[in-house]
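What follows is a single structure, written as structure tokens, with notes after it.
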There are 4 protein chains.
Amino acid sequence: MAVQNTVFLVHWRMPKLGMEPIRRRSLVEATISAIHARGSADVTMREIAARAGVSLGLAHHYFENKNDLMMTAMRFIMSEYSKQVRVAITMAATPRERISAIIRASLAHDQFSPEVVSAWLVFYAHAQGSPDARRLLSVYTRRLHSNLCHDLRPLVGGRASEVAATIGALIDGLYVREGLGTVRLPELDGYRLLDGYVELQIEAARRS
Amino acid sequence: MAVQNTVFLVHWRMPKLGMEPIRRRSLVEATISAIHARGSADVTMREIAARAGVSLGLAHHYFENKNDLMMTAMRFIMSEYSKQVRVAITMAATPRERISAIIRASLAHDQFSPEVVSAWLVFYAHAQGSPDARRLLSVYTRRLHSNLCHDLRPLVGGRASEVAATIGALIDGLYVREGLGTVRLPELDGYRLLDGYVELQIEAARRS
Amino acid sequence: MAVQNTVFLVHWRMPKLGMEPIRRRSLVEATISAIHARGSADVTMREIAARAGVSLGLAHHYFENKNDLMMTAMRFIMSEYSKQVRVAITMAATPRERISAIIRASLAHDQFSPEVVSAWLVFYAHAQGSPDARRLLSVYTRRLHSNLCHDLRPLVGGRASEVAATIGALIDGLYVREGLGTVRLPELDGYRLLDGYVELQIEAARRS
Amino acid sequence: MAVQNTVFLVHWRMPKLGMEPIRRRSLVEATISAIHARGSADVTMREIAARAGVSLGLAHHYFENKNDLMMTAMRFIMSEYSKQVRVAITMAATPRERISAIIRASLAHDQFSPEVVSAWLVFYAHAQGSPDARRLLSVYTRRLHSNLCHDLRPLVGGRASEVAATIGALIDGLYVREGLGTVRLPELDGYRLLDGYVELQIEAARRS
DNA sequence: CATGAATGAGTTTTCATTCAT
DNA sequence: TATGAATGAAAACTCATTCAT
């Protein structure tokens with residue numbers, strides 16, 4: 001007890017300023033990679049912290065909750081995706097090109113990386129039980145839908161909504177199957193498959 | 001000695017025998033409904049047992065593992081689905097009709113009941129982390145694919161595999177979106193959407 | 001409910017009379033072999049029942065308790081041992097021969113069978129925590145001691161008690177080591193070792 | 001930048017660091033005393049944690065397993081014993097003295113404390129069912145044997161191995177009987193008994 | 001005589017979270 | 001800013017035991 005308050009001579013590292021964004025970022029990435037490794041949302045904070053190379057306590061310091069961290073990771077993945085879609089759209093000139101650009105961005109290589117595919121799938125499942133997550137996902141879903149509709153209307157007219165819904169469902173379906181890693185026919189890549197569908201619809205609309 | 005094996009006429013209270021199949025069935029159903037309620041595979045054995053109206057111990061008595069129970073539930077859902085597909089196929093005469101029948105069965109009302117949709121989605125996610133589950137799902141996936149291919153070949157020729165893959169992905173995608181409960185456009189039902197796609201492909205094949 | 005009380009036509013096997021001793025015996029033997037298999041007293045009633053080829057319920061029918069069964073098994077092993085010692089003593093003529101006979105019986109082949117060695121050791125450990133078992137063991141211990149003392153007195157006089165205690169400890173020690181299965185020097189069998197010790201003591205007594 | 005690594009003079013409340021070895025030690029001791037109290041290896045982690053004055057969770061924090069804790073406790077007891085033997089040997093000059101020293105150390109008061117005796121016995125029994133434990137014990141057994149042989153050879157020649165085995169078995173036997181708490185003849189202490197045996201063998205060797 | 005159904009208490013283990021430093 | 005200590009609640013799983021038939 002007597003020793004409890006003492007004067008020590010210590011080495012002190014100047015507190016590292018501005019660590020917050022760095023730590024948060026690395027924890028979010030650790031979360032995604034942990035989800036991929038375990039293949040489910042049942043990841044422990046300990047595992048995440050270890051992957052990020054920080055102590056368990058610190059993970060809790062920067063995120064209020066495990067859920068908070070999960071949601072942040074989800075938001076991160078979705079915003080990365082949105083960024084790619086925005087870039088792709090900007091570089092496209094016509095509605096037809098924009099449709100292709102959106103599809104390509106949705107299935108782009110870094111979107112389809114195993115880690116990201118795992119994360120999407122897990123988040124989809126997670127959304128079923130978490131209203132927060134569900135809301136987040138539906139934002140993305142709706143944005144995709146309205147983006148597609150906007151560019152489909154001049155191409156397929158009244159069927160725009162149906163075609164957009166089909167494209168959306170197909171993208172999700174391809175993710176699911178990719179995540180499952182089964183029936184991946186080598187001769188088929190998702191982009192050709194989806195774009196072929198769009199072409200078919202456009203031709204049909206033209207003929208009618 | 002002579003009396004040792006005789007036929008007697010006795011009063012007998014219905015013995016409480018043969019409970020095993022009953023209990024197993026009700027536990028499996030409880031599992032599915034619990035998954036739906038919680039929206040994820042993180043269901044406790046306690047919850048399942050409670051839903052089945054039995055003690056926690058009994059659930060462990062009839063299933064070796066939680067995983068055992070999970071897998072049994074998964075198998076149950078898949079076999080129910082297969083049954084429906086088989087029935088639908090039997091009643092169809094032409095390849096074209098069989099395709100429609102498979103699609104209709106896949107999206108039938110009792111397949112698309114909230115409980116079952118939840119379960120499928122959760123199992124898909126679960127499969128990522130569980131090799132057993134993955135194997136199980138891929139059996140179903142492959143069977144669907146080969147069923148479709150078989151009937152598509154006379155209709156779309158060399159594109160059968162691509163079209164079958166698309167249909168498969170679309171079904172999964174529709175499940176996912178249904179499960180998420182978002183962007184459910186009232187005017188669109190999955191069947192029309194999918195069958196429309198098939199029609200388009202057939203027409204295209206005819207023209208070429 | 002209406003079916004609950006019905007008249008059935010059943011095959012009925014005349015109740016097997018006198019099964020009790022048979023069942024009890026086979027359950028006791030199953031207990032010993034289960035203990036040997038698991039290597040500890042942590043045997044489940046289920047395992048024992050299975051080994052005895054009867055239902056779990058029946059094991060509880062014939063033995064009030066798990067402890068009851070354990071104690072019965074212990075008593076069984078000890079009485080088998082005592083029987084052998086009694087036989088051996090009867091056939092010996094002189095005190096010296098009786099000592100040897102007791103030792104030989106204690107280390108006889110069927111005493112030293114792996115199953116029995118396991119059981120003894122487990123029971124020794126079990127006795128630490130169970131007053132009943134402790135009492136049982138000490139009966140055997142004391143009987144051995146007094147048997148030995150009685151025959152040692154004419155041979156080693158006042159050191160009889162010490163020599164008897166040493167013999168007793170040595171027997172137990174040999175069991176322990178046998179059970180552990182380590183340091184079993186092939187050239188040494190327990191009997192020669194023990195008898196050699198006795199001979200030494202007798203010679204020493206003679207000289208003094 | 002220049003200030004980044006500096007020596008500061010700060011007030012500091014004794015950080016609660018380095019608890020690990022303390023906790024581990026106290027948990028190990030709690031394990032031993034719990035084993036003694038219950039008289040068997042069937043000790044619950046809860047009981048151990050309570051005796052150590054920590055939460056159940058903490059016990060699992062510092063030890064991976066219950067088995068891990070058990071084995072650590074076993075290793076602790078054995079290393080304490082080895083330490084004593086080493087010390088005793090160092091202080092002895094002749095082979096004869098070393099033999100006596102080993103025996104004395106093996107039966108020393110703090111080796112023969114009720115707690116330690118219980119633990120040894122329980123571990124012996126436990127070793128039957130746990131290959132890890134068995135390996136550990138046999139290390140100790142073999143070391144004792146070779147220690148004794150080394151010093152017995154000049155005293156009893158070719159019979160060294162036999163005498164060493166006898167001493168080993170006798171030590172174990174005395175532990176067992178001590179643990180059982182029965183037939184503890186007041187006039188006999190284990191040391192005199194064992195040393196007497198050694199003396200007898202040496203004399204016999206001298207005469208022959 | 002014999003069984004299988006059923007339970008409840010108890011055990012290990014995991015984990016998010018909090019806290020003092 | 002960062003850590004390790006510590007907890008408590010909850011999870012899966014086990015098992016002796018009871019009971020109706």
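Assorted remarks:
- Shape parameters for the range A:55-102, alpha-carbon atoms, Rg then Dmax in Å: 17.1, 51
- Structural size metrics of the protein assembly as shown, computed from C-alpha coordinates, are Rg and Dmax of 38.9, 127 Å.
- Rounded to the nearest Hz, the phi-derived 3J(HN,Hα) couplings of the range A:55-71 under the Karplus curve 6.51 cos²θ - 1.76 cosθ + 1.60 (θ = phi - 60°) are 6, 4, x, 5, 4, 6, 5, 8, 10, 4, 9, 5, 4, 4, 5, 4, 4, where x marks glycine and proline.
- Integer Hz, Karplus 6.51/-1.76/1.60 couplings in order for the range C:115-127, x for Gly and Pro: 4, 6, 4, 3, 4, 4, 4, 4, 5, 4, 5, 4, 4
- Take the Cα of C:I22, step 7 Å toward its Cβ, do the same at B:R38, and the gap between the two points is 4.9 nm.
- Other copies of B:D132: label-to-label distances in nm, shortest first, labels 7 Å along the beta-carbon direction: 2.5, 3.2, 3.9
- In the protein assembly as shown, helical runs assigned H by DSSP with n ≥ 4 each contribute -39500 (n - 2.57); averaged across all residues and rounded to the nearest 500, the mean residue ellipticity at 222 nm is -24500 deg cm²/dmol.
- Closest approach of a chain C beta carbon to the axis mapping chain C onto chain A (residue, whole Å): C:D42, 16.
- Gain upon complete extension [D:S138, D:N67; 0.36 nm per residue less C-alpha separation]: 23.8 nm
- Over all directions, the projected convex hull of the C-alpha atoms in the range B:84-201 averages 7.5 nm² in area.
- Considering only B:H126, B:H109, B:H60, the mean-square fluctuation computed in a Gaussian network model of chain B, springs between alpha carbons under 10 angstrom, is largest for B:H109.
- Rounded, prolate or oblate (a/c below 1.5 giving rounded, otherwise prolate when a/b exceeds b/c) for the range C:132-208 by Cα gyration tensor: oblate
- The alpha carbon centroids of the range C:121-159 and the range C:22-39 are separated by 24 Å.
- Relative contact order (percent, whole number), chain D, Cα cutoff 8 Å, 6+ residue spacing: 18 percent
- Within the protein assembly as shown: Cβ-based charge dipole about Cα centre, in debye rounded to nearest 20 (Lys, Arg +1; Asp, Glu -1): 160 debye
- Rg/Rh for chain C stands at 1.14; both radii use Cα atoms, and Rh follows the Kirkwood definition.
- Contact order normalised by residue count of the range C:18-63, Cα under 8 Å, 6+ apart, percent: 38 percent
- Projecting 7 Å from Cα along the Cα-to-Cβ direction, the label point of A:D42 sits 1.1, 2.3, 3.0 nm from its equivalents in the other copies, listed shortest first.
- Förster radius 51 Å - calculated FRET efficiency between C:Y191 and B:S82 (Cβ-Cβ, nearest 0.05): 0.15
- Separation of the alpha carbons by more than 30 angstrom is noted, of A:K83/B:K66; B:K66/C:K66; B:K66/D:K66, for A:K83/B:K66.
- Cα shape, the range B:25-137, gyration tensor, a/c 1.5 rule: prolate
- Per-selection Rg to Rh, the range B:112-154 - Cα, Kirkwood hydrodynamic radius: 1.11
- For the range B:96-113, the Karplus equation 6.51 cos²θ - 1.76 cosθ + 1.60, evaluated at θ = phi - 60°, returns couplings of 4, 5, 5, 4, 4, 5, 4, 4, 4, 5, 5, 10, 4, 4, 7, 6, 8, 4 Hz by residue, with Gly and Pro reported as x.
- Rg/Rh ratio calculated on Cα atoms of the range D:18-63 (Kirkwood radius): 0.96
- Computed from the Cβ-Cβ distance with R0 of 22 Å, the FRET efficiency linking D:S208 to D:S146 stands at 0.35.
- Copy-to-copy label distances for A:E20, where each label lies 7 Å from Cα along Cα-to-Cβ, are 3.2, 6.2, 8.1 nm in order of increasing length.
Only the coordinates and a few stated rules stand behind these numbers; no lab work does. Note that the structure is predicted; figures quoted are calculated from it, not measured. When we count neighbours, we look across all protein chains shown, and the Cβ atoms used for this are built from the backbone with ideal geometry, even at glycine.
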